[in-house]
Amino acid sequence: MNRLLNNAAAAAPGAAGGRGGAAGATAQAARPSRVELPNALVVILHENHSNPTVAIQGLVKAGAIFDPPRLGGLSGFVAAMLDRGTETRTAYEQAEALESLGASLSFESGPETITVSGNALSQDLAVVLSVLADALGRPGLAPDQIEKARDELIVRVKISNENTAYVASRAANEILYPSDHPYHRPPIGTEDSLRAVTREDLAEFHATHYGPNTAVLVLAGDVDPESTIEDVRRSFLDWPKLELPPPFAVPAAPTPERPERRVVHMKGKSQMDVVCALPGIARTDPEYYAVMLANFVLGGGSLSSRLMDNLRDKQGLVYGVYSTLNAGIGAGPIQIRAGTNPANADRTADEILKQVSRLHAEGPTETELEEAVSYLTGVFPVRLETNSGVASQLLGAELYGLGMDFIERYPAIIRGVTLEETLAAGRKYLRPAAHALALAGSYPEPARAGGG
């Protein structure tokens, strides 16, 4: 999924939002049902009949980790073609089939998966499922649509390359991961790699990675399990199973032997972005929850975090600062990001490392851990107030093998993490000696020598 399911759906309470109706207390009362079709498509249904809408969430294990090194952004290019016509519908007919019903479908590419999101009235779900099956299984790849998508993707890269936060984040990942590792490369690709993609490349990638046995579909809302599964069967059962889908895995990366610092000079920027990246953890690692809580205390808690309290509130160094745990099927980076005045860039970098070192050595206090646990367990039901929020959680649970009862177990899991486990996690993963530091913007003076 995006941002490693963007890790959001599984790393912490899933993102709620969008149409799809309130799920409320029924999210925990109603147990989801999981069905695997004969072609290995996994379908998860969650009933909530409070209003006649259905939230659609899904994924295909076809993210940027599968991009060939010379064709960065290929997975995103394929995803961009899914709503640009199929073998049976033109781009206009595809859009009209949804818009005439007031329904929606969208596709987003990420480092590990392609995600699907949408909404529909329950009475129109069968039609929307047929449109979705057509898009996933039979994209048209029309030459004119390919060029339109290419232009849009290249513009996206150009805009991103002018964004100091993106440039600093990309540079930090390039330092942290070796050149042959998939996390080293930007998932959106480069101008050159996108220009090199051919129709044959798109077709081959789709044929290799898109199949029912690499996909998951979640339907949450006004669904009747028996009739809805029949609708899914009619639309998806003729989607041929991939004979040998590529392994859904990310290789382990070596831990950096020493800190490294890089400055990317960008003229005319009023803000400097500072990114400190540390080797992270996979979502399925048993230590994940302890690391998540340690990261929350450091910077994941936004306004209540150590980074925000010290760098912004007390010292006034930054406009904002936060820490993100990018845990997916592979060990994505822990990234600390801050936006600051260029004159404060070095002080900001030093203070970030100071706070990392402090948490590494001391761990969180008992009060900090209690506040983190209270927030994460308290906000969780709020995240489940919409069908899309529930669907997002179930999708992450399926992707990472957390079980269909994950929503029920989540609060107890978080409350079960001890102070000692969080301290150990901080000492193991929040290691300043293994950091990658990147600064992007109008740096006021030549970069300081040394490794940080």
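Quick check, is S227 free of Cβ contacts under 8 Å to residues at least 40 places away in the same chain, on the phi < 0 side of the Ramachandran plot, assigned to a helix (DSSP H, G or I) and open to solvent by less than 70 Å² (accessible area, probe 1.4 Å)? Yes: the conditions hold for S227.
Residue pairs whose Cβ atoms lie under 6 Å apart, sitting 6 or more positions apart in sequence or on different chains, and linking a residue in region 123-136 that is at negative phi to a partner that is among the acidic types (D, E) and surrounded by fewer than 23 Cβ atoms within 10 Å (Cβ to Cβ), are A126/D231; L129/D231. From the set of residues in region 397-432 that are within 20 Å of L359 (Cα to Cα), outside any helix (DSSP H, G or I) and in contact with a helix residue (DSSP H, G or I) (Cβ under 7 Å, 6 or more places away or on another chain), which is most open to solvent (accessible area, probe 1.4 Å)? Looking at residues that are within 20 Å of L359 (Cα to Cα), outside any helix (DSSP H, G or I) and in contact with a helix residue (DSSP H, G or I) (Cβ under 7 Å, 6 or more places away or on another chain), I get R431. Taking region 416-449 as the range and being acidic (D, E) and modelled with pLDDT under 95 as the test, only E445 passes. Any residue at all in region 195-205 that's open to solvent by 50 Å² or more (accessible area, probe 1.4 Å) and under 30 Å from T53 (Cβ atoms)? Looking through region 195-205, none of the residues is open to solvent by 50 Å² or more (accessible area, probe 1.4 Å) and under 30 Å from T53 (Cβ atoms).
From the residues in region 280-319 that are more than 16 Å from H360 (Cβ to Cβ) and small (G, A, S), which one is most open to solvent (accessible area, probe 1.4 Å)? Selected residue: S304. When you check E260 against the structure, is it acidic (D, E), free of Cβ contacts under 8 Å to residues at least 12 places away in the same chain and open to solvent by 50 Å² or more (accessible area, probe 1.4 Å), yes or no? Against the criterion (acidic (D, E), free of Cβ contacts under 8 Å to residues at least 12 places away in the same chain and open to solvent by 50 Å² or more (accessible area, probe 1.4 Å)), E260 does not qualify. All conditions in (1) under 30 Å from L121 (Cα atoms); (2) open to solvent by 20 Å² or more (accessible area, probe 1.4 Å); (3) assigned to a helix (DSSP H, G or I) hold for F380, with the sole exception of (2). Pick from region 175-194 the residues that are among the β-branched types (V, I, T) and either over 30 Å from I281 (Cα atoms) or outside any helix (DSSP H, G or I) (or both): which of them is least open to solvent (accessible area, probe 1.4 Å)? Applying the filter and picking the extreme gives I188. Residues that are part of a loop (DSSP other than H, G, I, E, B) and within 30 Å of Y92 (Cα to Cα) are absent from region 163-173. Please specify each residue of region 155-174 satisfying the condition of being surrounded by 18 or more Cβ atoms within 10 Å (Cβ to Cβ) and either over 25 Å from the mean Cα position of the chain (by Cα) or under 15 Å from L194 (Cα atoms) (or both). Matches in region 155-174: V157 only. The residues on offer are N213, N173, and the sole one that is within 22 Å of L82 (Cα to Cα) and touching a residue at least 40 places away in the same chain (Cβ under 8 Å) is N213.
So that you can scan it fast, the table gives a plain yes or no per residue for (1) under 18 Å from the mean Cα position of the chain (by Cα); (2) open to solvent by 30 Å² or more (accessible area, probe 1.4 Å); (3) under 26 Å from R195 (Cα atoms):
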{"site": "T53", "(1), (2), (3)": "no, no, no"}
{"site": "A64", "(1), (2), (3)": "yes, no, yes"}
{"site": "V78", "(1), (2), (3)": "yes, no, yes"}
{"site": "A95", "(1), (2), (3)": "no, yes, no"}
{"site": "S106", "(1), (2), (3)": "yes, yes, yes"}
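When the criteria are applied in full, S374 meets the requirement of being more than 26 Å from N48 (Cβ to Cβ), hydroxyl-bearing (S, T, Y) and assigned to a helix (DSSP H, G or I).
Restricting region 366-377 to residues that are among the hydroxyl-bearing types (S, T, Y) and either free of Cβ contacts under 8 Å to residues at least 12 places away in the same chain or closer than 15 Å to T422 by Cα (or both), the residue that is surrounded by the fewest Cβ atoms within 10 Å (Cβ to Cβ) is T367.
The values are calculated or read from the model by the stated rules, or taken from the named source; none is laboratory data. Computed from a prediction, not measured in an experiment: that's the story for all the values here. Glycine gets a Cβ as well: all are built from the backbone with ideal geometry, and neighbour counts include every protein chain shown. For the accessible areas, the whole protein counts, side chains as well, though only heavy atoms, and no ligand, DNA or RNA atoms are used. Shrake-Rupley method; radii C 1.70, N 1.55, O 1.52, S 1.80 Å.
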